[in-house]
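Right, one structure below, let's go through it.
The values are calculated or read from the model by the stated rules, or taken from the named source; none is laboratory data. On a predicted model such as this, the values are computed, not experimentally measured, just so you know. Backbone-built Cβ (ideal geometry, glycine too); neighbour counts: all protein chains shown. What goes into the accessible areas is simple: the full protein's heavy atoms, side chains included, and nothing from ligands, DNA or RNA. Shrake-Rupley method; radii C 1.70, N 1.55, O 1.52, S 1.80 Å.
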Amino acid sequence: MVKQERAMRTREALVKAAAAEFDRAGYEGTSLSRISKSVGMSIGAVTFHFSTKNELADAVQQVGRSVTREAVEGVLAENRSALRVVVDLTLILAQLMEREPSVRAAIRLSRELPEAVPWSEVWLPTVRDLLDEAHETGQLHAAALPADVTTLVEYLTSGAEAYLRSRMGSDMAFESAVAQLKRLWHVAIAGVAVDTGANAPGTPLPAITVERVVLDPSAAVPGAERQ
C-alpha cells in the first residue's frame, strides 16, 4: 500500500512537471530529459512510469480534460437559464486556462498531435445543447441561430487562449481573460447597433462578397516560430 501511494505521488509529480513543459514548449520542444530535470528524477525513474513521451502527453491531456469536465459539471449543477450557463461556462474555461497548466497543455497538445482528441470536445457538445435549449425557450433573438452563437463561443474561447499564451511568461502585466470575456459577453448580448432604422436587430445585412484567399506556402507567418 505504501509503495502504491508513493508510485501514485511520483506519477502525479511527473504529469504536473510534464504539463508545465508541454504548455511552455509544446510537444516537439519537450523532452523526457527536460522533464526529468525539472522534477528532479533520473530518466530511468521517468521511463519506469511512462515509457515514452507520447504516453506522458496522453496522461497530461487526460488530466487537463478531467479538470475541464469537472468544471463543466459544476456549472451545469447551478440552477440558471441555458444562456446564462453558456456565458458562465466560457468564463470558467477562461479561468481554467489562466490557472491550470494541465488545461493549457491539453489545449496545445490537442492542436499539435494529429491523433489527439480536441480539448473542445469536453465542453462544446454541452454548449450546443444549451444553445438549442436557449433558442427553443425564447432566450435567443430570432436572428441569433444556435449554430452561429456556438461559433461565437468557440471564437471567444480560442481568443482567450491566444491572448493568454501571448502574454504568459512575459514581464508585462496583463488583464485577466475572464474580465475581458465578461465585457465581450455584455457587448454580444446587448448588441452593438442602435435599435433604429437600418440598424435594428433582425434587419438583413448587406450582401458581402467573399473572396477566396490563397496563402503563399513560402510566406513566413508572424509568430509561427513560437507555436
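Summary table below
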| read-out | value |
| --- | --- |
| Accessible surface ranking that places the most exposed of Arg99, Arg165 first, with a 1.4 angstrom probe | Arg99, Arg165 |
| Extended-chain gain in nm, criterion 0.36 nm per residue less alpha-carbon gap, Glu115 and Glu55 | 20.3 nm |
| Taking N as its residue count, the alpha carbon Rg of region 42-172 over 2.2 N^0.38 Å | 1.22 |
| Table column - 3J(HN,Hα) (Hz), region 61-70, Karplus curve with 6.51, -1.76, 1.60, x for Gly and Pro | 5, 4, 5, x, 5, 5, 4, 5, 4, 4 |
| Rounded accessible area of Asp148 (nearest 10 Å², 1.4 Å probe) | 90 Å² |
| Estimated translational D of region 1-112 in µm²/s (Stokes, Kirkwood radius over Cα pairs; 20 °C; 1.002 mPa s) | 142 µm²/s |
| Chain lengthening between Phe48 and Arg34 when straightened (0.36 nm per residue, less Cα-Cα) | 3.4 nm |
| Label-zone membership for region 107-132, site Ser158, 7 angstrom Cα→C-beta point, backbone N under 20 Å | 107-129, 131 |
| Kirkwood hydrodynamic radius (C-alpha pairs) into Stokes-Einstein, region 1-47, 37 °C and 0.692 mPa s, D in µm²/s | 300 µm²/s |
| Extended-chain gain in nm, criterion 0.36 nm per residue less alpha-carbon gap, Lys16 and Asp129 | 37.4 nm |
| Over region 107-162: Rg over Rh, Cα atoms, Kirkwood Rh | 1.07 |
